[in-house]
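Down below is the structure, laid out as structure tokens.
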Amino acid sequence: MKRLLLAAALSLGLTFAAQARSHSIDSCGLDSDYDVTLDKSGLTFRHEGGKPGIIVMSKGQLIVDGRPLAISDADRARVAEYEATVRALVPQAKAIARDAIDVAYVAVTEVAAAFSSTADSSATRNRLAGLRDEFKLRIDDTFEKRPWNEDEFDSLVEKAMGDLMPVVLAEVAGNAIAIALSGDEARAAELEKRAEKLERDIERRIDTQTAQLASRVAALCPMVVKLDSLEDGLDLRLADGARLNLLNLDD
């Protein structure tokens with residue numbers, strides 16, 4: 001039974017490790033002190049307690065703490081391009097995150113199905129499908145608020161694992177306990193052999209899918225570098241003479 005539990009735990013750990021590494025543009029070295037929201041009116045950066053606290057970009061216009069900032073035509077073009085780049089970047093990063101959820105869902109569903117203690121595990125499948133859809137909604141909500149905040153994603157992954165683990169382990173443990181109580185050693189050996197094969201198969205597939213997701217994230221990194229370059233190229237200065245600093249890139 002211990003071996004089966006470990007197999008289930010490993011599959012979950014692999015899938016969510018892949019998700020945590022691959023679904024965020026943080027791997028491009030991006031960090032920001034600002035919460036970011038996107039809507040039709042513009043791109044808004046909020047930093048509670050910060051100065052400035054709210055910065056809005058809208059079609060080349062820059063509004064700082066409620067006041068439009070007078071900027072040059074060159075800076076107006078940079079601000080417009082910055083907003084357009086973020087608008088292009090965020091949906092692509094969100095799509096990667098949602099696909100990572102699907103990778104995790106398929107893996108844990110396979111574990112549950114392989115070790116189901118009942119002939120019909122549709123209830124478990126439905127429960128897992130519901131959790132998958134719920135996680136995707138959380139992803140959407142997170143990207144609407146803090147699309148490049150690492151702590152938000154860490155919390156999301158931890159919550160997902162906390163919700164999924166009991167569902168899957170209930171199937172695994174139920175079957176393993178039934179076999180242990182039956183005393184059928186041949187059946188127990190067969191189930192453990194199946195667990196080992198499933199573990200290898202899932203690990204192999206997850207490695208491939210993780211690499212694919214990571215490649216998609218890497219393809220977004222030039223857009224992140226572009227944002228940093230646009231920001232560095234701004235001639236404008238804030239009221240205190242400081243440069244605009246919405247994001248940072250690791251050296």
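The values are calculated or read from the model by the stated rules, or taken from the named source; none is laboratory data. Note that the structure is a prediction, hence the values are computed from the model and not measured. All Cβ positions, glycine included, derive from the backbone under ideal geometry; neighbour counts span all protein chains shown. Heads up: the accessible areas ignore ligands, DNA and RNA and are worked out on the full protein's heavy atoms, side chains in. Shrake-Rupley method; radii C 1.70, N 1.55, O 1.52, S 1.80 Å.
See the values below:
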quantity: Extension gain (nm, one decimal) between K40 and R98, 0.36 nm per residue minus Cα-Cα; calculated: 18.6 nm
quantity: Cβ-derived FRET efficiency at R0 41 Å, D141 paired with E110, nearest 0.05; calculated: 0.90
quantity: Label-point gap, in nm, between D201 and A242 - each point 7 angstrom along Cα→Cβ; calculated: 5.6 nm
quantity: Region 26-84, accessible area per residue, ligands and nucleic acids excluded (1.4 Å, Å²); calculated: 54 Å²
quantity: Pair S215, S182: separation of 7 Å Cα→Cβ label points (nm); calculated: 4.3 nm
quantity: Sparsely packed trypsin sites (Lys or Arg not before Pro) within region 25-110, loop by DSSP, other Cβ within 10 Å at most 14; calculated: K40, K59
quantity: Residues D163 and M223, FRET efficiency given R0 of 35 Å [Cβ-Cβ distance, rounded to 0.05]; calculated: 0.60
quantity: Listed pairs K59/K159; K51/K94; K94/K193 exceeding 32 Å between Cα atoms; calculated: K59/K159; K94/K193
